[in-house]
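Please treat every number below as a calculation from the coordinates, not as lab data. Nothing here was measured: the structure is a model prediction, and the numbers come from that model. Positions of Cβ are generated from backbone atoms using ideal geometry, with glycine treated the same way; all protein chains shown enter the neighbour counts.
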Amino acid sequence: MQRDKFFREVENVNHPNEKLIKTHCSYCGMQCGMNLRVNTISNKIIGVEPRYDWPVTVGKMCPKGVTAYQQTNHKDRILKPLIRDDSALKGTKEGFRESSWEEAYDLIATKFSNLQETYGKDTLSVFSGVSMTNEKCYLTGKFTRVALGTRYIDYNGRFCMSSAAGGFLRSFGVDRGSTLPWTDIHETDCLFISGSNTAECHPTSMFRVWSVQERGGYLIVADPRETPLARRADLHLDLKPGTDLALANGILNLLIENNYVDDEFVMNHTNGFGETKELVKEFTPEYTSRITGVSKEKIIKAAEIYGKAPNAIVMFARGIEQQHKGVDNVSGYVNMALVTGKIGRPKAGVATFTGQGNGQGGREHGQKSDLLPGYRKITNPKHVEEVCEVWGITPEEMPEPGVSAYEMFELMDQKKIRGLYLLCSNPAVSAPNLNFVRKALKNLDFMVCSDFYLSESAEFADVILPSVTWSEDEGTVTNLEGRIIKINKAQEPIGDSKPDWLIQVELAEKLGKGKYFSHLKEARDVADEFRRATKGGYADYYGATWDKIDKQDGVFWPCKDENDTGTPHMFLDKKFYHPDGKAKICALPYRPPAEEPCEEYPLRLTTGRVVYHYLSGNQTRRIPFLKDMCPEPYVEVHPETAERYHISHDEVVRLFTRRGECNYKVKITEAIRKDTVFVPYHFGDYESINLLTIAALDPISRMPEFKACAAQIEKLAVGKVQ
Ligand SMILES: Nc1nc2c(c(=O)[nH]1)N[C@H]1C(S)=C(S)[C@@H](COP(=O)(O)OP(=O)(O)OC[C@H]3O[C@@H](n4cnc5c(=O)[nH]c(N)nc54)[C@H](O)[C@@H]3O)O[C@H]1N2
Ligand SMILES: Nc1nc2c(c(=O)[nH]1)N[C@H]1C(S)=C(S)[C@@H](COP(=O)(O)OP(=O)(O)OC[C@H]3O[C@@H](n4cnc5c(=O)[nH]c(N)nc54)[C@H](O)[C@@H]3O)O[C@H]1N2
Ligand code: SF4
Ligand SMILES: [Mo]
């Protein structure tokens, strides 16, 4: 407390010629509170200070957060639209020249219109991302359906949050990533965390995790690697990648057998218990141990700790979700909370560590192929009518649902999609099975990319539009709690760059659809229309005005009107969002990963993150400190495995799967299973691990299985990177 007070005083020192702009970090779903320092003479951002008055992160930030401000005035910023005159150079950085916005817009409008005249409306597609504000995400959905009139839109959340969304929808009938505010976490008695490298990926959650243990509570962690979180755990369940559903079923079976069931809750507020109870009987500790590789003693202990804890929170992240049974894994772990009734009250519940800054809000308002604002369904005529009224179009004009992110690349490959407007994503690094995806991008007749740096994906574009960084515009973001917060503008856009919403408004005019967009003159205008468009949907933001967000330290949705202060805790009234008001306990048969190890590919490859880089790395690989701390990818190998392959630390080896190969330096570590190797995915070109990953999609969420495929290592004759 003393320490916080000291820093608060330091923070408030008035530096000469400087003002502080209250905002949040540009990167992950934690959305740590920060003040951007702006020089009042140059009007440029010059630094950052943490915000001690932000209740979620209380002055904490990670290495990415403290350097995030260096993005804005970075030398690599694209300052003018770029047009590629020589399409033979697609897939390289060459062949671009600067142009005016007029010229770029005219070219895009002509090419897009010509393609649609020849091949039909649906020949165009939009691929977007959720580092954008809610307002931009909303407008991207509207721009696609109204200005372009195509059905094909999807976004990078398909690779990120779609399995969590699918699991929550099935279990609860609603998809808000956390049933409770983060300020509850440190007060619970048991945290059960699976498939989350919390200390590296949501580092500013860690003080709450430690606090649980310091208060005498327990931390159980399921992860194939001994991550910094797992190292600290009371119990580390070191499972084989891709076997979570067996673990969840095994624990559920023990919770039922050992009478940890909340009978009243199960009877009155859930469906599906009987069937699930029967199904999980098979998952004895012995059987579960055989599938997962976790000892049966540990499985028994985990069930006992979770079962006995008065309050507990089940948490998970991409480790369980990026599998071709990600949705089942989510519902499998949610079952634990439902059967024991540890949900729908403070300090007990379920949460996923939402990934991207606006991973929650960005998935609710129409960037997903089948969704419209407010989490409405494009297949529901009533929902379509409600949105049409706000947009001023007829239901007949609303396109049909499209397909998922990876499936759009399949359509590009088949020439069923010939045009692409890509914004806020770098799929040439982050999509699975990259040899195929890069080929599909090259196969496009015309591609537009909006970004503030020239990404690996922009290299495939015919026109690049310079967008702004998060600090040059304003709007709202929904953090991993479901709390709507405000991002504030600290600096004017540099060069000729423009925010994506303005690009869309201006482009709509060129496409002859100006009347649906021309009233949007400022970010606030988009915000007002956006709130109206969500009204009445279950992700209702109507009451979350910018004023209220400021006064209340954010607003948790749903927030229906002026008098509603929002909903920090979900299900306090034990009402779930299925029509009968009950939650669903799901009976989920186990199935193995899509690709199991075999003689030819005996290792399990899993992929993920390091603390110093963000996603495809297009932003963080340019920041000197972050680049210095983690300059290149590597493959983590267990010492015994390394010995078997006769490879040593720092030696370069060939790692390969059925889809591709890469050369990586070996990092020998006891923190990984002997049958598993791990590679971080933040690197481009021939260093991308996604050249090797598999595009096996979950049947419900259409999420690719980034977390498990079969691989092999080969010692190189000469240990050099190619
Ligand atoms: N530093 C940093 N932080 C980030 C990001 C970043 O790029 N860098 N990205 C943000 C985004 S968008 C996201 S989605 C989140 C991701 O946050 P996390 O999901 O925490 O990160 P990952 O590294 O993808 O994977 C998490 C863990 O899953 C484990 N794992 C692998 N396979 C399995 C399995 O089969 N079962 C289980 N139980 N665990 C498994 C891995 O060993 C890893 O420790 O992080 C956010 N925060
Ligand atoms: N192997 C493997 N692959 C994975 C994962 C994994 O764990 N393993 N994780 C997956 C996950 S969880 C995710 S979230 C995806 C993310 O993958 P991507 O969507 O590729 O993520 P980013 O690197 O954030 O790409 C965002 C791009 O948009 C730009 N950008 C940022 N903000 C804005 C903006 O406001 N407007 C515009 N126009 N551009 C902007 C950035 O410079 C960057 O080039 O990767 C997935 N891929
Ligand atoms: S934890 Fe996430 S939001 Fe916080 S500073 Fe780091 S990257 Fe930014
Ligand atoms: Mo993500």
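Report the antiparallel proportion of the DSSP beta bridges in the chain as a percent, rounded to a multiple of 5.
Antiparallel bridges make up about 50 percent of those DSSP assigns within the chain.
What does the helix-only formula give at 222 nm for the chain: each DSSP H stretch with n ≥ 4 adding -39500 (n - 2.57), the total divided by the residues, and the result rounded to the nearest 500 deg cm²/dmol? Spell out each step's value before the answer.
Numbers: 24 runs with 217 residues, N = 722.
Result for the chain: -8500 deg cm²/dmol, rounded to the nearest 500.
Give me Ile668, Ile78 ranked fewest to most by other Cβ atoms within 10 Å of their Cβ, as a rough exposure proxy.
Fewest-to-most Cβ neighbours within 10 Å comes out as Ile668, Ile78.
Tell me which lysines have Cα within less than 16 Å of Lys665's Cα, excluding those fewer than 8 residues away on the same chain?
In chain and number order, the partners are Lys715, Lys720.
Per residue Cα convex hull volume for the range 459-523, in cubic angstrom?
Dividing the Cα hull volume of the range 459-523 by its residues yields 138 Å³.
For the chain, take N as its residue count and report Rg(C-alpha) divided by 2.2 N^0.38 Å.
Rounded to two decimals, the normalised Rg is 0.92.
Give the relative contact order (percent, whole number) for the chain; include only Cα pairs under 8 Å separated by 6+ residues.
On the way: 1715 pairs, mean separation 135.3, N = 722.
Relative contact order of the chain: 19 percent.
Determine the alpha carbon to alpha carbon distance for each of Lys575/Lys707; Lys93/Lys325; Lys136/Lys575; Lys22/Lys136 and list only those over 27 Å.
Lys575/Lys707; Lys93/Lys325; Lys136/Lys575
Kindly give the semi-axes, whole Å and largest first, of the ellipsoid equivalent to the range 472-612, taking each as the square root of 5 times a Cα gyration tensor eigenvalue. Present the calculation step by step, with values, prior to reporting the outcome.
On the way: eigenvalues 269, 154, 63 Å².
After scaling each eigenvalue by five and taking roots: 37, 28, 18 Å.
Based on alpha-carbon atoms only, what is the radius of gyration of the range 380-430 relative to the globular estimate 2.2 N^0.38 Å?
1.51
So who's got an amide H within less than 5 Å of the one on Gly608, skipping anything under 5 residues away but keeping other chains? H placed 1.01 Å off N, in plane.
Here the answer is Val679, Tyr681, since their amide H atoms fall under 5 Å of that of Gly608.
At a threshold of 8 angstrom on Cα-Cα distance, excluding pairs fewer than six apart, so keeping six or more, what relative contact order does the range 99-226 reach in percent?
Relative contact order, the range 99-226: 16 percent.
Can you give the charge dipole size of the range 82-140 about its Cα centre, rounded to the nearest 20 debye, using +1 on the beta carbon of Lys and Arg and -1 on the beta carbon of Asp and Glu?
Working: 7 positive and 10 negative charges, 51 e Å.
It comes to approximately 240 debye.
From the residues Val653, Ser616, Tyr686, which one has its Cα farthest along the dipole of the range 603-715 in the positive direction, the dipole being from +1 and -1 charges on Cβ of Lys/Arg and Asp/Glu about the Cα centre?
Ranked along the dipole, the leading option is Ser616.
I need the phi-derived Karplus couplings for the range 464-470: 6.51 cos²θ - 1.76 cosθ + 1.60, θ = phi - 60°, integer Hz, Gly and Pro marked x.
10, 9, x, 8, 9, 7, 4
I need Leu691, Leu572, Leu191, Leu115 ordered by Cβ neighbour count within 10 Å, fewest first. Intermediate results must be reported in sequence, preceding the final value.
Working: Leu691 23, Leu572 13, Leu191 27, Leu115 19.
Arranged by neighbour count, lowest to highest, Leu691, Leu572, Leu191, Leu115 become Leu572, Leu115, Leu691, Leu191.
Quick check on the range 603-715: take the gyration tensor over C-alpha atoms, sort the square-rooted eigenvalues as a ≥ b ≥ c, and tell me if it's rounded (a/c under 1.5), prolate or oblate.
oblate
Below 16 Å, Cα to Cα, which lysines can Lys560 reach? Residues fewer than 8 away in the same chain don't count.
Lys535, Lys548
Given contacts defined as C-alpha pairs under 8 Å and at least six residues apart, what's the relative contact order of the range 603-715, whole-number percent?
It comes to 37 percent, rounded to a whole number.
If you place +1 on the Cβ of every Lys and Arg, -1 on the Cβ of every Asp and Glu, and leave all else neutral, what size is the dipole of the range 162-352 about its Cα centre, to the nearest 20 Debye?
In debye, rounded to 20, the range 162-352 gives about 300.
Given the range 162-352, what percent of its DSSP beta bridges are antiparallel, to the nearest 5? Intermediate results must be reported in sequence, preceding the final value.
Details: 2 of 19 bridges.
Antiparallel bridges make up about 10 percent of those DSSP assigns within the range 162-352.
Can you tell me the convex hull volume per residue for the range 162-352, based on C-alpha atoms, in Å³ to the nearest whole number?
Taking the convex hull of the Cα positions in the range 162-352, it is 103 Å³ per residue.
What do the square roots of 5 times the Cα gyration tensor eigenvalues come to for the range 476-555, in whole Å, largest first, as semi-axes of the equivalent ellipsoid?
For the range 476-555, the semi-axes come out at 25, 18, 10 Å.
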